[in-house]
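The values are calculated or read from the model by the stated rules, or taken from the named source; none is laboratory data. None of the values given here were measured: they were computed from a predicted structure. Virtual Cβ from ideal backbone geometry, glycine too; neighbours counted across all protein chains shown. Heads up: the accessible areas ignore ligands, DNA and RNA and are worked out on the full protein's heavy atoms, side chains in. Shrake-Rupley method; radii C 1.70, N 1.55, O 1.52, S 1.80 Å.
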Amino acid sequence: MARATVLGRLTWRVATVTAVRDETSGARTITLDVPGWPGHLAGQHVDVRLTAPDGYSTQRSYSIASAADGERVELTVEPLPDGEVSPYLAQVLSPGDPLEIRGPIGGWFVWRPEASEPVQLVAGGSGVVPLMAMIRARASAGVGTPFRLLYSTRGPGSVLYRAELERHSADGSGLDVTYAYTREVPDGWARPPARVDAALLAEAVWPVERKPAVFVCGPTGFVETVAGLLVSAGHDPRLIRTERFGPSGGPS
Ligand SMILES: Cc1cc2nc3c(=O)[nH]c(=O)nc-3n(C[C@H](O)[C@H](O)[C@H](O)COP(=O)(O)OP(=O)(O)OC[C@H]3O[C@@H](n4cnc5c(N)ncnc54)[C@H](O)[C@@H]3O)c2cc1C
């Protein structure tokens, strides 16, 4: 049984793109219909495989942005200039196109709605994608687990899911969002552009005594810096889970 489950996750499935939507001027969410999708937990990812007509094939990992919802799976891709895979996914792929994926993958960087401890999410750039899946899973389970999100991004124009985050944080269910802009800030913003530092973490993160479950996701350097600062501030390293969006995959 366990073997069948693992084999199912390792099997490539041909999904169909049912919709695409722009999240910012660059990043795009792709909605997929995946026949036979076994369901997933918030925080898991998939591998995506592209194959050229000459047979050359390459794969990359992408976090699942959506909460479990039958055979529907959403990914959000921030294209890297000169990237091999991400510009195709974010700029070329269209409704009706097939896309090979396998998963869900990952059993550590996950949040389950039955967990009751406060949750601290810390995102750098597109690292917000799996954290958004957690926020969506919380909303769809209808639980009021206290959640805080500290979201570091280049500027107001690069915030993913802004309207939805505003809606969830205004609905009184206990989600608190703090933005940290690294290059450009909105007019009248109190904090000048800066990277996340110890002072901001002390302000925006649950106090150590609350023993929050912490999820940190983003570029490797961001994740390592934030996790180090949290441990220095007294957070228990066993409660800190990290996901690094470094280069993934390669030719297969
Ligand atoms: C578990 C996991 C989940 C991920 N989820 C997402 C997601 O939800 N959304 C998303 O947009 N991306 C995500 N990524 C990153 C993604 O897998 C690819 O690495 C990214 O899209 C670049 O692929 P590419 O083929 O376009 O670039 P490549 O052709 O692989 O690389 C182009 C250049 O950019 C550098 N580079 C590659 N990846 C990165 C990166 N992530 N950060 C900085 N420089 C890089 C390379 O070293 C190279 O110099 C995730 C990565 C992992 C490991």
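Miscellaneous remarks
- Identity of the residue in the range 212-252, closer than 16 Å to A123 by Cα and charged (D, E, K, R), that ends up surrounded by the fewest Cβ atoms within 10 Å (Cβ to Cβ): E224
- Among the residues of this structure, T58 does not count as one that is assigned to a strand (DSSP E or B) and closer than 23 Å to A139 by Cβ.
- Conditions (1) within 16 Å of the ligand (Cβ to nearest atom); (2) open to solvent by 50 Å² or more (accessible area, probe 1.4 Å); (3) under 26 Å from T16 (Cβ atoms); (4) under 17 Å from the mean Cα position of the chain (by Cα); number of the one not met by R154: (3)
- Counted residues, the range 188-202 - those being touching a residue at least 40 places away in the same chain (Cβ under 8 Å) and either open to solvent by 30 Å² or more (accessible area, probe 1.4 Å) or in contact with a Gly (Cβ under 8 Å, 6 or more places away or on another chain) (or both): 2
- Qualifying residue in the range 214-234 (condition: away from the ligand (no atom under 16 Å from the Cβ), touching a residue at least 60 places away in the same chain (Cβ under 8 Å) and part of a strand (DSSP E or B)): yes
- Picking from residues in the range 157-176 that are buried (at least 19 other Cβ atoms within 10 Å of the Cβ) and outside any loop (DSSP other than H, G, I, E, B), the one that is modelled with the lowest pLDDT is H168.
- Filtered residues of the range 55-88 (kept if among the charged types (D, E, K, R) and modelled with pLDDT of 95 or more): R60, D69, E71, R72, E74, E78, E84
- Evaluating G70 against the criteria (1) open to solvent by less than 40 Å² (accessible area, probe 1.4 Å); (2) over 24 Å from F215 (Cα atoms); (3) more than 13 Å from the ligand (Cβ to nearest atom) leaves one unmet condition, (1).
- Checking each residue in the range 73-117 for being in a strand (DSSP E or B) and either buried (at least 19 other Cβ atoms within 10 Å of the Cβ) or in contact with a Gly (Cβ under 7 Å, 6 or more places away or on another chain) (or both) picks out V73, E74, L75, T76, V77, L99, I101, G103, P104, W111.
- If you go through the range 235-252 and keep only what is modelled with pLDDT of 95 or more and either within 23 Å of L50 (Cβ to Cβ) or within 16 Å of the ligand (Cβ to nearest atom) (or both), you end up with R241, T242, E243, R244.
Residue-by-condition table, conditions (1) without any contact (Cβ under 8 Å) to a residue 40 or more places away in the chain; (2) under 15 Å from the mean Cα position of the chain (by Cα):
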{"position": "L50", "(1), (2)": "no, no"}
{"position": "S66", "(1), (2)": "no, yes"}
{"position": "E71", "(1), (2)": "yes, no"}
{"position": "T76", "(1), (2)": "no, yes"}
{"position": "L93", "(1), (2)": "no, no"}
{"position": "I101", "(1), (2)": "no, no"}
{"position": "G106", "(1), (2)": "no, yes"}
{"position": "E117", "(1), (2)": "no, no"}
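- Applying the criterion of being open to solvent by 40 Å² or more (accessible area, probe 1.4 Å) and more than 15 Å from S126 (Cα to Cα) to the residues of the range 53-67, the residue that is nearest to the ligand (Cβ to nearest atom) is Y56.
- One residue alone among V73, V92, V77 is β-branched (V, I, T) and under 17 Å from P247 (Cβ atoms), and that residue is V77.
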